[in-house]
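One structure is given here, and the rest of the page talks about it.
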Amino acid sequence: MIWILGGTTEVNKLLESLGDDDHIITVATESGAESTHSKHVHVGRLTKEQMVDFARENKIDKIVDLTHPYATIVTDQARQVAREMKIPYYRYIRPEIHMENGYIVGSIEECCRLLQEIDEGPVFFTTGSKNIKDFEPVRGDKQFIYRILPTLESLQLAFDAEVSYRDIVAMLGPFSLDLNIALFKQYQVKYCVMKESGKEGGQEEKILACKQADVCPIIIKRQTEEDGYHDLNRLIKDLLSN
């Protein structure tokens, strides 16, 4: 049985090459399950101990990690489980996307320092709901707008940080180039903060939208260098041949 750690667009591409009953997928949220084209989906976050039990109960003989580049805790746990249980582990790493203009920062903390130096807004965030609590203290008089998932958990994190209703854009992606441009123009955005999520994560559309709407992009780079496949087709080929 192949265990796929999912929640990203790459999962469905992998499923095109797999049979209907030789895999099981775990995702953290209901939104991740909704976008997954499989009937074998388990929803919920797992601790390392629960991952070990899950692997045993489902007789897992391969682990494919297609989680988001910033899901570092899940990836670290999956690597440990694979190593300890001697299960082959396949990790896909999204290729980097280069841009001509804008800012690249190495962490949330560095991004916050940059935001403090910026005199004008609005600033549009596509970094999810978990880091709202980090950004709000440096908002000052600027308008910070957060595009988040339309889930109770995401909305509650925004409300806990005392974000105004008018500064919440609750939408489920993927987001096209035209939609990104429309949102930037609607909110008269000056800066857009995004994570280095790669082409599959919509980063390319966001950078192009910034260029066309005269918005300055701020990219938060991935914090860790990891080993894995940069070509999803190569991963699939090796997975099915071993």
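Looking only at residues in the range 57-76 that are part of a loop (DSSP other than H, G, I, E, B) and touching a residue at least 60 places away in the same chain (Cβ under 8 Å), the one that is farthest from Gly198 (Cα to Cα) is Asp61. Criterion applied to Ser154, Ser164, Ser107 was being farther than 25 Å from Ile181 by Cα and out of contact with any helix residue (DSSP H, G or I) (no Cβ under 6 Å at 6 or more places or on another chain), and the one residue passing it is Ser107. In the range 131-230, counting only strands (runs of 3 or more DSSP E) that sit wholly within it, the ones holding 1 or more residues that are closer than 26 Å to Pro95 by Cβ span 144-148, 191-195, 216-220. I'd like to know if the range 145-160 contains one or more residues that are surrounded by 16 or more Cβ atoms within 10 Å (Cβ to Cβ), assigned by TED's automatic domain parsing to the domain that holds Pro174 and in contact (Cβ under 8 Å) with a residue 60 or more places away in the chain. Yes; the residues of the range 145-160 include at least one that is surrounded by 16 or more Cβ atoms within 10 Å (Cβ to Cβ), assigned by TED's automatic domain parsing to the domain that holds Pro174 and in contact (Cβ under 8 Å) with a residue 60 or more places away in the chain.
Checking Tyr89, Tyr70 one by one, the residue that is at pLDDT 90 or above and crowded, with 16+ Cβ neighbours inside 10 Å is Tyr89 and no other.
Which one of these is basic (Lys, Arg), in contact (Cβ under 8 Å) with a residue 12 or more places away in the chain, outside the structural domain of Lys13 (by TED's automatic domain parsing) and loosely packed, with under 15 Cβ neighbours inside 10 Å: Lys190, Lys195, Lys185, Lys206?
On the way: Lys190 fails: loosely packed, with under 15 Cβ neighbours inside 10 Å; Lys195 fails: loosely packed, with under 15 Cβ neighbours inside 10 Å; Lys206 fails: loosely packed, with under 15 Cβ neighbours inside 10 Å.
Exactly one residue qualifies, and that residue is Lys185.
Conditions tested, residue by residue: (1) of a type in the set (S, T, N, Q); (2) part of a strand (DSSP E or B); (3) surrounded by 15 or more Cβ atoms within 10 Å (Cβ to Cβ).
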{"site": "Trp3", "(1), (2), (3)": "no, yes, yes"}
{"site": "Asn12", "(1), (2), (3)": "yes, no, no"}
{"site": "Arg45", "(1), (2), (3)": "no, no, no"}
{"site": "Ala55", "(1), (2), (3)": "no, no, yes"}
{"site": "Ala78", "(1), (2), (3)": "no, no, yes"}
{"site": "Ala82", "(1), (2), (3)": "no, no, yes"}
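The values are calculated or read from the model by the stated rules, or taken from the named source; none is laboratory data. These numbers come from a predicted model, not from an experiment. A quick note on method: Cβ atoms are made from the backbone with ideal geometry, for glycine too, and the neighbour counts reach across all protein chains shown.
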